[in-house]
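To start, the structure under review is shown below, and the notes come after it.
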Amino acid sequence: MAFGLPRLLILLVAAHVRCVYAQNSTTGAGAAAPLPTGEPAWLEYDAPFAQFLPPVFRVLLMMALGIAGFGVDLHILQRWGMNLWSTSGPTRLPVHRPVDGPHDAMRESGAISLYLLAGIHVGWMLVCWMLYRSSTDPVNSARTLVAQAWEVFALGGLLAFWLVPNPLWHVQRVAMRLLSRIFSVSLLQPIQFSDVILADVLTSFAKVLGDVWLSVVIVLYSVYGVPVNERLLWAQQSSIAVPLLISVPYLVRLRQCISEYRTASPLGRQTRSTRPLYNALKYASAFPVIWLSAWQRKTPDTQVPGEPGHHALFVSVHGLVQALWLVAVLFNTLFSFWWDLTNDWGLDLLLPSSFTAARTAHLPTLHRRTETRTQVLRDEGEALEMAPRPTHARRGSILRVPEKPLPLPSSVYYMLIVVNLALRFTWSLKLSSHLQYLVEWQRGLLLLEALEVVRRTAWILLRVEWELVKREGL
């Protein structure tokens, strides 16, 4: 049952591609639909860049960047005295291990395996990409069947690398086990901390799944021996499969929130916490952004010239949908930003209490400069060890009340807050397929995808740091 959702999606995608191929075959093998109408004439598909770096290689590049980003997280967390791989138990929370230098931190954290894995992805992508470029049409750089075969070979080779045991198999096996967990459809599955991290990472790859769809189209057309041109790929960006695939990570995270609520045990006579339900609302708020945008992208083709009444109705409905989409973007972005700061990072900056007078804590100092480590008993009866913290960890700040440690300099938090807010807004626009031209077409979209991976990398650092603070029982 764990892979029920992926199997269903694969069947739907294959069926949809068969329909697309059947429609195109009626107008000639490989014939592609014209560029969508209803958009300004200068909004042309960025064909030169799409030919230079096709969707298949963009997907591989983003995979490598995501793997390397998680390696950076593990490396930095180890330097901070936290190790995600050192504990057993359902949450796999970080435990401190002393390190003697940056090389020890890299080795202890497991980051070096992820760096090697990312390097293999990049190396394989570059080899196949150069072979692809050497096989394109020398006149106009158009894709040929031979070049298309190299795209399929790039995906097939990487898939084989993930399925066949190799020196990095231990890392890949962990990743596949986690993927099998998060794609479960059970609403009674206990949610682990690692499940939450991976599912949140996948939401940052939501738009990359649009390129995955284009890659699937290329592969299946290659099976039929039909070349794919850029106009066909542009038309396929309006396919219903694109918003469907973009919605999958948010659906996964929504299911996790519901499972977390249903499996939570009330404390004493208290009722269950409604926090997971509010978190579920945050992920559900992404669906209007995705689907209203998809509707707007399809509506230009529905206009009927020469019918004023129909056109007036279309303009009215389109304006209403545009307004609803804008409201959905603002709600999703602001709610997600507030949730990042208040719940995922444990910052009090956006709480009403943070605007009151400075507070003075009358608590014993839990973090002193000492040679011994602080051990905090976890709920499961295991010890969660932390590295010694400097005395400024309990300084008063509008970021956190003194009762909650603030181990990093305030400037780090403020910098990440600004970056998070800016990229939150751009990422909301990125979910909207009908506004792709606002970010310089394909190359701008790739840049935003990369920036979102960077944002998620920074988000993980403070997310794990706050989880550790909560586990201290403060």
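The values are calculated or read from the model by the stated rules, or taken from the named source; none is laboratory data. For clarity, every value in this text was computed on a predicted model and none was experimentally measured. So basically every Cβ, Gly included, is an ideal-geometry build from the backbone, and we count neighbours across all protein chains shown.
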Problem - Of residues in the stretch 272-296 being touching a Leu at 6+ places or on another chain (Cβ under 8 Å) and either without any contact (Cβ under 8 Å) to a residue 40 or more places away in the chain or hydrophobic (A, V, I, L, M, F, W, C) (or both), the one surrounded by the most Cβ atoms within 10 Å (Cβ to Cβ) - result: Val289
Practice task
Please note which helices (runs of 4 or more DSSP H) are completely contained in the stretch 122-236 and include at least 3 residues that are within 30 Å of Thr426 (Cβ to Cβ) and without any contact (Cβ under 8 Å) to a residue 60 or more places away in the chain.
Solution key: 169-182, 193-204
Exercise for the section: Read through the list (1) surrounded by fewer than 13 Cβ atoms within 10 Å (Cβ to Cβ); (2) closer than 22 Å to Gly66 by Cβ; (3) at pLDDT below 95; (4) out of contact with any helix residue (DSSP H, G or I) (no Cβ under 8 Å at 6 or more places or on another chain), then give the number of the only condition that His170 fails. Expected result: (4)
Exercise for the section: Considering every residue within the stretch 298-318, establish whether at least one is in a helix (DSSP H, G or I), at pLDDT 85 or above and either touching a Leu at 6+ places or on another chain (Cβ under 6 Å) or surrounded by 15 or more Cβ atoms within 10 Å (Cβ to Cβ) (or both). Expected result: no
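Being in contact with a Leu (Cβ under 8 Å, 6 or more places away or on another chain), modelled with pLDDT of 85 or more, among the hydrophobic types (A, V, I, L, M, F, W, C) and surrounded by 12 or more Cβ atoms within 10 Å (Cβ to Cβ): is that true of Trp325 here?
Values: in contact with a Leu (Cβ under 8 Å, 6 or more places away or on another chain): yes; modelled with pLDDT of 85 or more: yes; among the hydrophobic types (A, V, I, L, M, F, W, C): yes; surrounded by 12 or more Cβ atoms within 10 Å (Cβ to Cβ): yes.
So Trp325 passes the test.
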Fill in the blank from the handout: When Ala241 is run through (1) more than 28 Å from Leu281 (Cβ to Cβ); (2) touching a residue at least 60 places away in the same chain (Cβ under 8 Å), the failure sits at (1)
Problem - Residue match in the stretch 140-147 (condition: buried (at least 18 other Cβ atoms within 10 Å of the Cβ) and over 24 Å from the mean Cα position of the chain (by Cα)) - result: yes
Exercise for the section: Please indicate, with yes or no, whether at least one residue in the stretch 256-277 is touching a helix residue (DSSP H, G or I) at 6+ places or on another chain (Cβ under 7 Å), assigned to a loop (DSSP other than H, G, I, E, B) and not hydrophobic (A, V, I, L, M, F, W, C). Expected result: yes
Practice task
Within the stretch 247-256, identify whether any single residue is at pLDDT below 95 and crowded, with 22+ Cβ neighbours inside 10 Å, and answer yes or no.
Solution key: no
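Take Asp211 and tell me if it is within 20 Å of the chain's Cα centre (by Cα), under 24 Å from Ser134 (Cβ atoms), surrounded by 21 or more Cβ atoms within 10 Å (Cβ to Cβ) and of a type outside the set (Val, Ile, Thr). Write out each step before concluding.
Working: within 20 Å of the chain's Cα centre (by Cα): yes; under 24 Å from Ser134 (Cβ atoms): yes; surrounded by 21 or more Cβ atoms within 10 Å (Cβ to Cβ): yes; of a type outside the set (Val, Ile, Thr): yes.
Judged against the criteria, Asp211 is a match.
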